[in-house]
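Right, one structure below, let's go through it.
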Amino acid sequence: MSAESTHVAMTLSDHLPILQILVPLVSAPLIVLIGSRRLTWSLAFIASVLSFGIAILLLMQVIDGSIISYQIGGWAPPLGIEYRVDATNAFVLLLVTGISTLVLPYARESVKSEIPAKHHTLFYAAFMLCLTGLLGVTITGDAFNVFVFLEISSLSTYVLIAQGSYRDKRALTAAYDYLIMGTIGATFFVIGLGMLYMATGTLNMADLADRIADQGSNRTVRAAFAFIVVGMGLKIAIYPLHLWLPRAYTFAPSAVTVFLAATATKVAIYVLLRFTFSVFQPSFMFEVNTLEFIILPFAILAMFAASFIAIFQNDFKRMLAYSSIAQIGYMLLGISLLTETGLTAAIAHLFNHGITKATLFMGVGILALRSGGSFYNRIQGMGKSMPWTSAAIVIGGLSLIGVPGTAGFISKWVLVEATIEKGWWPLSVLIVLSSLLAVIYVWRVIEVLYLKTPLAGTDYREAPFSMLIPMWIMALACIYFGLATDVTLTASRAAAQGLLAGSAGMM
Amino acid sequence: MRHHLILRVITKLLVGAIMLFAFYVQFHGDFSPGGGFQAGVIMAVAFILYGLVFSLHNVQQVFPPWLVHKLVALGVLIYAGTGIVSLFLGYSFLDYGAFTPDHPSHGQHYGIFAVELGVGITVTAVMVAIYYAFAGRPPRLSDEEW
């Protein structure tokens, strides 16, 4: 920064952390500025592929446990904004960019049928901004920067959900509901940050962690923690704060639902992990109590209540939305155990549930493309006319239940292991019981698709390849990660260890 | 529609002055209170005031909606582009020292200048776009029915 110090020119590989954000960020205004309907999709896809490549390069650099720190504007942290990549968030970056790279080819046909052509440029611009926001939340090491990127992703998400209004006007109220809830969540989060700033005088996460550890617990810090947990809880859709989620997922355009279900709540969980384990420490008694007596019961409630509601839905998409809330319960259960195995289970489930739900929501989108809706009585019997789509839905469904050989089994298995390890065996029983509820709602879909007679006078063609291929990549990933368990478990365990090392892992 | 004579005359007088003040706030921002955001809002006020008094149709001929949309994107690109230039000069993103390596504080002036210009353009365009979006909705009652 100063004139005296000799400057060492940075190379492009030093800039990877900022390029991760910059590529999708710049693509959004470029899409609007060029404004060509033919180029729009290609620009978005190229940007997404590039950021996927960058995420791979970043993960390769940090997989051995090292940390990359990047200073924005040359200002050194804790004063300046710092981007900080370690094994945990490199893993999330890879998930988010990977999903967006698969969703975009899928989105092309789906968006064509669901959104009028004149809005396509703005749609893809909003999509890239949403991607930028999610990546920014993940990569940044500055607590206030998390809030800024959270707002970028949230605002564009509201717009994306409202795009469903060309099919169903209720998308507008769904987006509005989410706008209100999301804004309250973001406000709580920023109030929490304000209190932390008041108590410590810093916003850099690593610095925050040190100063909180130094001064110990006081009322301001405890209130800050509570505000941050409630604020992120609204974004994650922790059980009693989940009301926006089913409507938002049901009425959003299919491609948007796939992307949000697989990434947005996962990134919010990552932020919760960052704050509960890196900024605050598990040795902070208030946090242990909050997790054990508030988050844990709600997680169990979510596993059962949301699954029950899912069973009685008549709309495939809405059923999946409720099942998402139940699955979030498993992740929170893993987190609130506060052990390495529990955390490993939560992070593995975060990934596995991401690919499982992406498969299923892609399936719904394809069925809706052909039949014009996702109600059970609209899609009944489509298993015969659309065998490939339906088969992938079955694979996704099995993974959602947690049948051995699929991705969903691995994370639930580790979760059961974690509860037994902690000696809380009744929880293991509850996990198995709630999985049985998943059997019921998944079976209902299989019954509708294969055993009911198709509606009279309908003869659906199989979906276009541009949608089938991304869906099958996801479906095969569900099986691959169910068999090659080392990959996810090693990465999740590394991430869990990094998180539990707390501030030592940060500095 | 020949009523509101005073309003129309005063508006015509004011629009130019408002724009001039916007430029002052924009370009004097690094020495006095102000900057891109405030200047952008003031600049947008000039268009909004013109639209309120002389109808939406007239202001949209001066500042067409398609141009507004492009400018929203252009401002962001100017901001990010400044950072990208510094990145290609071998410094970190938005490190303005890159523009004059021998004398970093000059570089910071140039950098802030470019970035604030981007902010100003985007804020102007966004404010006007919001005004167009609201004013562009067909009214339930026409003016004559009041």
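The values are calculated or read from the model by the stated rules, or taken from the named source; none is laboratory data. The structure displayed is predicted, hence computed values, not measured ones. Methodologically, a virtual Cβ is constructed for each residue, glycine included, from the backbone with ideal geometry; neighbour enumeration extends over all protein chains shown.
Structure notes:
Per-residue answers, yes or no, for (1) hydrophobic (A, V, I, L, M, F, W, C); (2) within 20 Å of the chain's Cα centre (by Cα):
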{"residue": "A:115", "(1), (2)": "yes, no"}
{"residue": "A:149", "(1), (2)": "yes, yes"}
{"residue": "A:156", "(1), (2)": "no, yes"}
{"residue": "A:193", "(1), (2)": "yes, no"}
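- Test for residue A:58: is it away from every other protein chain (no Cβ under 14 Å), touching a strand residue (DSSP E or B) at 6+ places or on another chain (Cβ under 7 Å) and on the phi < 0 side of the Ramachandran plot: yes
- Region A:114-145, residues that are of a type in the set (Lys, Arg) and modelled with pLDDT of 95 or more: none
Residues are listed down the side, and each one gets a yes or a no for (1) over 30 Å from residue A:11 (Cβ atoms); (2) in contact (Cβ under 8 Å) with a residue 40 or more places away in the chain:
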position	(1), (2)
B:20	yes, no
B:25	yes, no
B:30	yes, yes
B:44	yes, yes
B:62	yes, no
B:97	no, no
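- Residues of region B:114-146 that turn out to be modelled with pLDDT of 75 or more, among the hydrophobic types (A, V, I, L, M, F, W, C) and more than 12 Å from residue B:41 (Cβ to Cβ), as a count: 8
- Hey, residue A:85 within 14 Å of residue A:20 (Cβ to Cβ), of a type in the set (Val, Ile, Thr) and crowded, with 22+ Cβ neighbours inside 10 Å or not: yes
- If you go through region A:349-388 and pick out every residue that is under 20 Å from residue A:102 (Cβ atoms), in a helix (DSSP H, G or I) and not aromatic (Phe, Trp, Tyr), you end up with 19.
- Residues in region A:395-413 that are under 18 Å from residue A:445 (Cβ atoms) and surrounded by 19 or more Cβ atoms within 10 Å (Cβ to Cβ): A:395, A:396, A:397, A:398, A:399, A:400, A:401, A:402, A:406, A:408.
- Any hit, region B:63-86, residues being surrounded by fewer than 18 Cβ atoms within 10 Å (Cβ to Cβ) and more than 19 Å from residue A:29 (Cα to Cα): no
- Just one of the listed residues (A:110, A:100, A:69) is surrounded by fewer than 20 Cβ atoms within 10 Å (Cβ to Cβ) and either closer than 27 Å to residue A:366 by Cα or within 14 Å of chain B (Cβ to nearest Cβ) (or both), namely A:69.
- Scanning region A:59-84 for residues that are in a helix (DSSP H, G or I) and either under 17 Å from residue A:149 (Cβ atoms) or touching a residue at least 60 places away in the same chain (Cβ under 8 Å) (or both) returns A:72, A:73, A:74.
- One residue alone among B:40, B:111 is facing chain A (nearest Cβ under 10 Å), buried (at least 22 other Cβ atoms within 10 Å of the Cβ) and not charged (D, E, K, R), and that residue is B:111.
- Highlighted here are the helices (runs of 4 or more DSSP H) found entirely within region A:262-340 that include at least 1 residues which are out of contact with any Gly (no Cβ under 8 Å at 6 or more places or on another chain) and without any contact (Cβ under 8 Å) to a residue 12 or more places away in the chain: A:285-290, A:296-311.
- For region B:58-83, a residue qualifies if it is touching a helix residue (DSSP H, G or I) at 6+ places or on another chain (Cβ under 9 Å) and more than 9 Å from chain A (Cβ to nearest Cβ), and the qualifying residues are B:58, B:59, B:60, B:62, B:63, B:65, B:67, B:68, B:71, B:78, B:79, B:82.
- Residues in region A:343-398 that are modelled with pLDDT of 90 or more and basic (Lys, Arg): A:357 alone.
- Which listed residue, of A:13, A:42, A:27, is modelled with pLDDT under 85, part of a helix (DSSP H, G or I) and either more than 7 Å from every other protein chain (Cβ to nearest Cβ) or closer than 16 Å to residue B:79 by Cα (or both): A:13
- Any hit, region A:117-128, residues being surrounded by fewer than 24 Cβ atoms within 10 Å (Cβ to Cβ), of a type in the set (Lys, Arg) and within 14 Å of chain B (Cβ to nearest Cβ): yes
- Filtered residues of region B:87-102 (kept if more than 7 Å from chain A (Cβ to nearest Cβ) and surrounded by fewer than 20 Cβ atoms within 10 Å (Cβ to Cβ)): B:88, B:89, B:100, B:102
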